[in-house]
Amino acid sequence: MEGIILILGHTNSMEGILSTIAQDRLQMGITVHQQHSTFAIVCTGGFGEHFNTTQYPHAMYAQQYLVEQGIDASLILNPVLSKNTVEDASLSRSVLEQYKLQMVIVVSSDFHMPRVKYLFTYFQPSQPITFISATSALSKEYLQQLTSHEEQALVRIKSMYPSENNIFTKSNHPTTDS
């Protein structure tokens, strides 16, 4: 397998309807997949009070969306059943290590990307990763609230997972941005 596109989850309703943010991320994943059509796709998201309380994992709704949008189901790998961004980065490590990948592309929202980059760099320091941001189709006010939340969350994350204490390696993390 040449590469994987890892699309981070967001929320869905009690009926399994994906949030606008989740759809924005998936649409960006589809756009990336059009440029890398041989890459497999992995969706993240399990269960959690703050994002999915249905009987099915969030990633299942994301996978269903991708297939409905024309993605070949055989290119969608088993999901990472994470509860949060920390688990997105830590649990996806074992999935990505199963394959000798030339490229990993992580897709998330523009406002979420600083935390994503930090955590993936922390938990997967030797994995070359390209980070691609999905532009969020949100009001300016709501985007400002989310950005503020993310800035505060990143401060907490850095105190919990200080880069100088990286338990995996202290090497530089090869990353690129798009």
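The values are calculated or read from the model by the stated rules, or taken from the named source; none is laboratory data. What you see is a predicted model; the values in this text were computed from it and never measured. Glycine also receives a Cβ, built like all others from the backbone with ideal geometry; neighbour counts cover every protein chain displayed.
Quick one: is S74 at pLDDT 95 or above and in a helix (DSSP H, G or I)? Taking the combined requirement at face value, the residue satisfies it. For the subset of the stretch 27-52 comprising residues that are surrounded by fewer than 23 Cβ atoms within 10 Å (Cβ to Cβ) and of a type in the set (S, T, N, Q), which member is nearest to E87 (Cα to Cα)? Ranking the candidates gives Q27 first. May I ask you to verify whether H58 is over 24 Å from L146 (Cα atoms), surrounded by 22 or more Cβ atoms within 10 Å (Cβ to Cβ), in contact (Cβ under 8 Å) with a residue 12 or more places away in the chain and out of contact with any helix residue (DSSP H, G or I) (no Cβ under 7 Å at 6 or more places or on another chain)? For H58, the condition - over 24 Å from L146 (Cα atoms), surrounded by 22 or more Cβ atoms within 10 Å (Cβ to Cβ), in contact (Cβ under 8 Å) with a residue 12 or more places away in the chain and out of contact with any helix residue (DSSP H, G or I) (no Cβ under 7 Å at 6 or more places or on another chain) - is not met.
Of the residues Y99, Y118, the single one that is closer than 30 Å to S163 by Cβ and in contact with a Lys or Arg (Cβ under 8 Å, 6 or more places away or on another chain) is Y118. Read through the list (1) closer than 19 Å to F123 by Cβ; (2) assigned to a strand (DSSP E or B), then give the number of the only condition that I41 fails. Single failed check for I41: (1). If you filter the stretch 83-96 down to residues that are under 13 Å from L6 (Cβ atoms) and not small (G, A, S), you find that the one that is surrounded by the most Cβ atoms within 10 Å (Cβ to Cβ) is D88. Within the stretch 150-173, residues that are among the small types (G, A, S) and surrounded by 10 or more Cβ atoms within 10 Å (Cβ to Cβ) sit with their Cβ atoms under 6 Å from residues that are at pLDDT 95 or above and assigned to a helix (DSSP H, G or I), at 6+ positions apart or across chains, in these pairs: A153/R115.
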